[in-house]
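Following: one structure in structure tokens, then a few remarks.
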Amino acid sequence: MTGSSVAEAPARPRRAVGGGRYARHRARRRHPTRRRHPTRSHLTRSDVGAIVNHIANNLALDRAFGACAHPIRRAILERLTNGELTVGEVTGDFGVSKPAISRHLRVLEEAGAITRVIEGRRHRLRLSEQGLAGARDWISQRSLWERKFDVVEEYLATRPATSEGHPS
């Protein structure tokens, strides 16, 4: 400070290497007792295959029900029950834009509910034979269980109850 009129600011203490604003976060991330990599899963190949099949089956079922979720798509399916029709014949009087119709048709095609046959500039649509079979099977399975539960309910209703509320 000899001969200088400007006061020097006191020096800030330096932080240790690795310090700073996010030092706690980094320290927590590098904690020595935590494992860097999770232990390997004890799933077998058949377990993984079963999980993948379950996910794929649920995806197909979700797509099938999703295809039937919109009234326009249901109307398209109803019209195609009479046989193969062109896109214009099936969707001519819906009053929605062509891009919207294209999206509805794509959803139905991805679900496997319809197939499209292209002959030059004409696009003909028809119902797929196995398109909504997964949904049909799921519904029939559900109705089977509902009937079984109805039988159990009837059986329990016919049994005499004791005064404690437990069957004898």
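Only one of (1) under 21 Å from Asp62 (Cβ atoms); (2) loosely packed, with under 10 Cβ neighbours inside 10 Å; (3) not polar (S, T, N, Q) fails for Gly131. Which number is that?
Only one criterion is unmet by Gly131, namely (2).
Please work out which one of (1) surrounded by 12 or more Cβ atoms within 10 Å (Cβ to Cβ); (2) part of a helix (DSSP H, G or I); (3) without any contact (Cβ under 8 Å) to a residue 60 or more places away in the chain is the condition Ala60 fails and give its number.
(3)
Going through Gly88, Gly134, Gly92 one at a time, which residue ends up being within 19 Å of the chain's Cα centre (by Cα) and farther than 13 Å from Leu77 by Cα? Steps first, answer last, please.
Working: Gly88 fails: within 19 Å of the chain's Cα centre (by Cα); Gly92 fails: within 19 Å of the chain's Cα centre (by Cα).
Only one candidate passes the filter, namely Gly134.
If you take the residues in the stretch 83-128 that are under 13 Å from Ala67 (Cα atoms), without any contact (Cβ under 8 Å) to a residue 40 or more places away in the chain and touching a Lys or Arg at 6+ places or on another chain (Cβ under 9 Å), which one is surrounded by the fewest Cβ atoms within 10 Å (Cβ to Cβ)?
Glu109
Only the coordinates and a few stated rules stand behind these numbers; no lab work does. Just so we're clear, the structure is a prediction, and the values are computed from it rather than from any experiment. Glycine also receives a Cβ, built like all others from the backbone with ideal geometry; neighbour counts cover every protein chain displayed.
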